[in-house]
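To keep things clear, I will list the structure first and then write my remarks on it.
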Amino acid sequence: MRFGPVPLAQAEGAILAHSLHAGAVRLRKGQVLGPAALAQLAAAGVGQVVVARPDPGDVPEDAAAASLAAALVPDEGAACLVRAAPFTGRANLHAGAAGLALIERASVDALNAVDPAITLATLAPFTRVAPGVLVATVKVIPYAVPGPALAAACARACDAVRVAPFVRRTAGLVMTRVPGQPARLNDKGAAAAAARLAGLGMRLAAVEEVAHDTAALAGALGRLPGEVALILTGSATADVADTGPAAVAAAGGRITRFGLPVDPGNLLFLGDLGGRPVVGLPGSARSPVPHGADWVLERVACGLAVGAAEVAAMGVGGLLKEIPTRPHPRERRR
């Protein structure tokens, strides 16, 4: 693409690079200059204009943006994304349902490395989105880009962006109580769990309270309804052999992970009981503040894997906002 000032006599068919006001003449940037516009400019005393003129094989900005958006999202239903019509070289991708934004960083980086004129910006991976939320935006910076560069960017776009919708709808919660525990503590825990699930389009199918005992907890897990089993014990889980994890094993399940590199949320544990995910919530999950449990429940609600590799990768960004009233602050008060 050629860019720069030219005399009016050489400007026909070129793209006006900057909005231009001359007397009563008002022309917007991006407009293709035809004979009528040039006559108006000449009458207003304008002698030259700054224009862009595509070279053979260049693709206009809107067509380029639309092509890249289509390469990113060839099937809107499968990707759970909606492509917006391009404008001024931009094509937006909006969430088609509530869920998590799934971003393949390597693909996005490779696409953005093709040509500085072709860009893709996205939300951070695993950002929770609602229908209509902007997940990614394609922006073609100049008025046209070389066709080969566009083709290379499109080739690197596959699976770079999609939304995983929330697919699980119910969970059961079993809580334990220890001697002397205030009754309101479990009430608070159940309310917090219900609120967290509601944000994921899920509901509590049942809430049961039992003694803080492995056998009692295992029995409750065996009869608990819901697509996901939640455990909230009256005493903190200190080891994979402690009451909560031991109850999962006693019920015929297995523990897949104890400990989370997210704070608050370190004492969370994960398991599987007959193909049903089990999430052991730490006591800090009784608070409605942002929590590692949110990160885990979001993925569980989407039916995504939450294995050792996925949990280990949560550490970067896993230091969540400090709570002023935190009973055990991360640093000693000075």
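Miscellaneous remarks
- A cut-off of 5 Å between modelled amide H atoms, ignoring neighbours fewer than 5 places along the same chain, links Thr256 with Leu270, Gly271, Asp272.
- Dipole magnitude (debye, nearest 20) for the chain, charges at Cβ of Lys, Arg, Asp, Glu: 840 debye
- Other-chain or far-sequence residues with amide H under 5 Å of Glu209's (modelled H): Met175
- Integer Hz, Karplus 6.51/-1.76/1.60 couplings in order for the stretch 102-118, x for Gly and Pro: 9, 10, 8, 4, 4, 5, 5, 4, 5, 4, 5, 8, 5, 7, x, 7, 10
- Approximate shape of the stretch 2-53 as ellipsoid semi-axes (Cα gyration tensor, √5λ), whole Å, largest first: 15, 11, 9
- Scalar couplings 3J(HN,Hα) for the stretch 241-257, obtained by applying the Karplus form with A = 6.51, B = -1.76, C = 1.60 to θ = phi - 60°, are 9, 6, 3, x, x, 5, 5, 4, 5, 5, 7, x, x, 8, 8, 9, 6 Hz; x denotes Gly and Pro.
- Between the stretch 181-236 and the stretch 82-159, the Cα center-to-center distance that results, in Å: 41 Å
- Value of Rg/Rh across the stretch 58-165 [Cα atoms, Kirkwood radius]: 0.95
- Rounded to the nearest 500, the 222 nm mean residue ellipticity of the chain from helices alone is -8000 deg cm²/dmol, with -39,500 (n - 2.57) taken per DSSP H run of at least 4 residues.
- Between helix 61-72 and the chain: long-axis angle, C-alpha atoms, 0 to 90°, nearest 10: 30 degrees
- Debye-sum result for the stretch 170-312 in log10 I(q)/I(0), which assumes one identical scatterer on each alpha carbon, at q = 0.11, 0.16, 0.20 Å⁻¹: -0.33, -0.74, -1.25
- Phi to ³J(HN,Hα) by Karplus 6.51 cos²θ - 1.76 cosθ + 1.60 over the stretch 185-198, Hz, x for Gly, Pro: 5, 6, 4, 5, x, 5, 5, 5, 5, 4, 5, 5, 5, 4
- Stokes-Einstein diffusion for the chain, with the hydrodynamic radius set to the Kirkwood value over Cα pairs and evaluated at 37 °C in a medium of 0.692 mPa s, equals 139 µm²/s.
- Principal-axis tilt of helix 292-302 within the chain, Cα atoms, nearest 10 degrees: 70 degrees
Only the coordinates and a few stated rules stand behind these numbers; no lab work does. Because the structure is predicted, anything quoted here is derived from the model rather than measured. For neighbour counting, all protein chains shown are included, and Cβ atoms are generated from backbone atoms with ideal geometry for every residue, glycine included.
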